[in-house]
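*Asks:* First, the structure itself, so that you have it in front of you.
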Amino acid sequence: MRTSMRGTRLFFCFLAGVMLSTPLMADKPNVILVMSDDQGWTQTGYYGHPLLRTPNLDDMAAKGLRMDRFYATAPMCSPTRAAVLTGRSNDRTGVFKVGDPINTREKMLSTAFREAGYATAHFGKWHLNGSGNPDHQIPRSDPRNPGELGFDYWLSISTQFNLNPVLSRNGVREQFEGDGSEVIVDEALEFIARETKKVRPV
């Protein structure tokens, strides 16, 4: 398994379920899907890395569901994202290489969660709309934007983001200041706090 895991870019992907204390939420835990790009599968504390310390990820991995045997048939960025979102191989998703557009006829994990009463959101790199252009900010008119594929809320970009990123908030371009990764995490935490106050699972 270890050799195979080196061959995929889905090095680190897990679901972390966090139960809320209210009885209403007892059967619907919050679900956070974390997916990192180009991270070696051993580069976390919970996989025993001798130097790297990842206490927050270790805690999530201990309390959540780790997908240690999830394999993408085309181990690259876009095909892996499509596989996670649909549970399908690339011959069904239509995403064989980086930048291919996803087949919108497939049922999305995000849609299934939304239909089950969850507030759904996507934060960060999207890369499923057929555009490899970092200046393409995923407008509402894009038929493969996160909103069209089951997400109630999204703050995304087609490809990479670094310092002072321009992101698409529900289809509207917005300039941010600071490190792109920190911006995404801060915005995601705000969304989670806002939605859980409504006693709605996220």
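The values are calculated or read from the model by the stated rules, or taken from the named source; none is laboratory data. Quick caveat, the model's predicted, so the values are computed rather than measured. Neighbour counts run over all protein chains shown; Cβ positions are idealised from the backbone, glycine included.
*Asks:* Could you grab me the full set of residues in the stretch 119-178 that are among the small types (Gly, Ala, Ser) and without any contact (Cβ under 8 Å) to a residue 24 or more places away in the chain? Don't jump to the end; show me each part of the working.
*Replies:* Residues of the stretch 119-178 that are among the small types (Gly, Ala, Ser), as a first pass: 119, 121, 124, 130-132, 141, 147, 150, 156, 158, 168, 171, 178.
Gly178, the sole residue that qualifies.
*Asks:* Of all residues in the stretch 128-159, which are under 19 Å from Ile32 (Cα atoms) and in contact with a helix residue (DSSP H, G or I) (Cβ under 7 Å, 6 or more places away or on another chain)?
*Replies:* Once the filter is applied, which keeps residues that are under 19 Å from Ile32 (Cα atoms) and in contact with a helix residue (DSSP H, G or I) (Cβ under 7 Å, 6 or more places away or on another chain), the stretch 128-159 yields Leu149, Gly150, Phe151, Asp152, Tyr153, Trp154, Leu155, Ser156.
*Asks:* Output the residues belonging to the stretch 41-65 that are loosely packed, with under 13 Cβ neighbours inside 10 Å and part of a helix (DSSP H, G or I).
*Replies:* Residues satisfying the conditions are Pro55, Asn56, Ala62, Lys63.
*Asks:* Looking for whichever is at pLDDT 85 or above, surrounded by fewer than 16 Cβ atoms within 10 Å (Cβ to Cβ) and either closer than 30 Å to Pro143 by Cα or in the same structural domain as Gly150 (by TED's automatic domain parsing) (or both) here; the options are Asp38, Asp100, Asp91. Which one fits?
*Replies:* Values: Asp38 fails: at pLDDT 85 or above; Asp100 fails: surrounded by fewer than 16 Cβ atoms within 10 Å (Cβ to Cβ).
Exactly one of Asp38, Asp100, Asp91 is at pLDDT 85 or above, surrounded by fewer than 16 Cβ atoms within 10 Å (Cβ to Cβ) and either closer than 30 Å to Pro143 by Cα or in the same structural domain as Gly150 (by TED's automatic domain parsing) (or both), namely Asp91.
*Asks:* Can Glu190 be described as modelled with pLDDT of 85 or more, of a type in the set (D, E, K, R) and surrounded by 12 or more Cβ atoms within 10 Å (Cβ to Cβ)?
*Replies:* no
*Asks:* Mind telling me which of the residues Gly150, Gly178 ends up being more than 14 Å from the chain's Cα centre (by Cα) and assigned by TED's automatic domain parsing to the domain that holds Lys125?
*Replies:* Unique residue meeting the criteria: Gly178.
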